[in-house]
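One structure is given here, and the rest of the page talks about it.
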């Protein structure tokens with residue numbers, strides 16, 4: 001898999017009225033994001049999903065919006081302020097091989113960006129260490145850019161580090177998977193009691 005980061009100016013092509021119809025953040029994420037959660041938007045771009053998730057987590061929740069490009073984060077902060085949710089969004093500049101996040105999270109989103117990551121295995125490992133036991137990770141890639149074969153390869157990398165399917169997540173124009181990390185089984189023997 002080759003990686004190439006979309007230039008920040010191109011993000012304006014994706015954030016438009018048509019996208020709000022095709023990819024309504026509320027409709028896509030309301031089943032996974034609840035009030036008071038801490039959620040992670042990886043490769044957040046200009047905040048299309050970050051702002052939607054900030055509304056879903058409410059005033060007691062938090063969105064950690066991570067992106068490699070400072071210009072994306074600057075636009076996100078302006079948009080969040082205009083939307084009245086800036087207090088709920090923490091922006092975080094990351095490195096190509098490190099998210100720079102240490103806070104435990106309830107949910108993670110990687111929307112149309114895994115194909116830009118130079119080391120997806122490392123990304124899957126990092127998110128696994130951050131995710132709380134009940135949490136989920138929604139991975140979505142664009143059909144017009146990522147083939148079915150490449151998407152299955154991505155999921156195989158996730159599976160190799162412990163991720164498993166948590167059900168279908170159909171999203172228009174996308175190849176998507178909802179992932180979770182299975183809880184370890186309790187291998188302790190039951191305590192014997194004296195009668």
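Rule-based calculations on the coordinates, nothing more; no lab input. All figures in this text were calculated on a predicted structure; none of them were measured in a lab. So basically every Cβ, Gly included, is an ideal-geometry build from the backbone, and we count neighbours across all protein chains shown.
Key figures
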| read-out | value |
| --- | --- |
| Per residue, the convex hull volume that the Cα atoms of the stretch 129-169 enclose (Å³) | 84 Å³ |
| Virtual spin-label span in nm between residue 145 and residue 97, 7 Å along Cα→Cβ | 2.3 nm |
| Viscosity 1.002 mPa s, temperature 20 °C, Stokes-Einstein D of the stretch 14-71 from Kirkwood C-alpha radius, µm²/s | 183 µm²/s |
| Inter-label distance, nm, simple model (7 Å from Cα along the C-beta direction), residue 165/residue 121 | 2.3 nm |
| FRET efficiency for residue 22 and residue 60, using Cβ-Cβ distance with R0 set to 35 Å, rounded to 0.05 | 0.70 |
| The stretch 32-137: C-alpha gyration tensor shape, a/c 1.5 cut-off, then a/b vs b/c | oblate |
| Full-extension gain in nm, residue 81 to residue 129, via 0.36 nm per residue minus C-alpha separation | 14.2 nm |
| Listed residues 78, 128, 183, most fluctuating in the chain (Gaussian network, C-alpha, under 10 Å) | 183 |
| At q = 0.13 Å⁻¹, base-10 log of I(q)/I(0) for the chain (Debye sum, equal scatterers on each alpha carbon) | -0.65 |
| Residue among 182, 25, 120 with the largest mean-square fluctuation in a Gaussian network model of the chain, springs linking Cα atoms under 10 Å | 182 |
| Sorted by Cβ neighbour density within 10 Å, fewest at the top, the residues 44, 94 | 94, 44 |
| Proxy reagent accessibility, fewest Cβ within 10 Å first, across 149, 86, 141, 71 | 149, 71, 86, 141 |
